[in-house]
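Each remark here refers to the structure printed beneath this line.
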Amino acid sequence: VNATPLVADHAAWTWLRPERLAVVHNGLDPARVVAHGADARAWLRQTLQLPADAPVVGTVGRLAPEKDQAMFVRAVAMACAQRPDLHAVIVGDGLMREPLERQVRELGLSGRVHLLGERADSRRIIAGLDVFVLTSHIEGFANVLLEAAFLGVPALSTRVGGAVDLL
């Protein structure tokens, strides 16, 4: 398995004793990730047409119920009450896009929460964030948390899957 919290689950599923399973975390080449970090902060704010000092938080992942980006949007709404200059990005696409767009409108966050869709430059976007957030309630080993760590971006996560090992 690729994360310590998954051992018991997989042991029951495979009818093996937990001590027969080994944890082998996913691996990424740090050099391939870090290469996306140069000037990412300024680039992201320019891309979003934000002031250079605007705080930006974000998440990256498939827009699916188990990823729970709706929790992220609710958290952004609460944070905006304290930080009116805060902006947020959501990178990814999927079946939850329309409900998320509706939630953003209903919470009065249009222009503050930027749904960027599926992107080939997600690592550069992560590198430009002030904080990366993972709100999944089902997860294995979230490579995106490892990418944020390699890029030097502080991360917050729900207590899910391998996030415990990573953080």
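Brief remarks follow.
- The chain - Rg and Dmax from Cα coordinates, angstrom: 17.0, 55
- Backbone phi angles across segment 134-148, fed through the Karplus curve with coefficients 6.51, -1.76 and 1.60 (θ = phi - 60°), yield HN-Hα couplings of 10, 10, 4, 10, 9, 6, x, 10, 6, 3, 4, 5, 5, 4, 4 Hz in residue order; Gly and Pro are listed as x.
- Inter-part distance where segment 122-167 and segment 38-84 are each reduced to a Cα centre, Å: 13
- Across segment 45-70, the residues whose backbone nitrogen lies under 16 Å from the label position 7 Å along the beta-carbon direction of L107 are 56-61, 63-70.
- Solvent-accessible area, 1.4 Å probe, carbon plus sulfur percent, for the chain: 55
- Per residue, the accessible area of the chain comes to 54 Å² when a 1.4 Å probe rolls over the protein heavy atoms.
- Positive-pole candidate from V133, A163, V7, dipole of the chain, charges at beta carbon: V133
- Mean Cβ count within 10 Å, highest first, over the residues of peptides 46-59, 85-98: 85-98, 46-59
- Legend: calculated FRET efficiency, D130 to R20, from the Cβ-Cβ distance at R0 = 25 Å, rounded to 0.05, equals 0.05.
- Linear extension gain, M71 paired with W43, 0.36 nm per residue minus alpha-carbon span: 7.4 nm
The values are calculated or read from the model by the stated rules, or taken from the named source; none is laboratory data. Small disclaimer: the values here were computed from a predicted structure and weren't measured. We place every Cβ from the backbone using ideal geometry, glycine too, and count neighbours over all the protein chains shown. Surface accessibility is based on the protein's heavy atoms, side chains included, excluding ligands, DNA and RNA. Shrake-Rupley method; radii C 1.70, N 1.55, O 1.52, S 1.80 Å.
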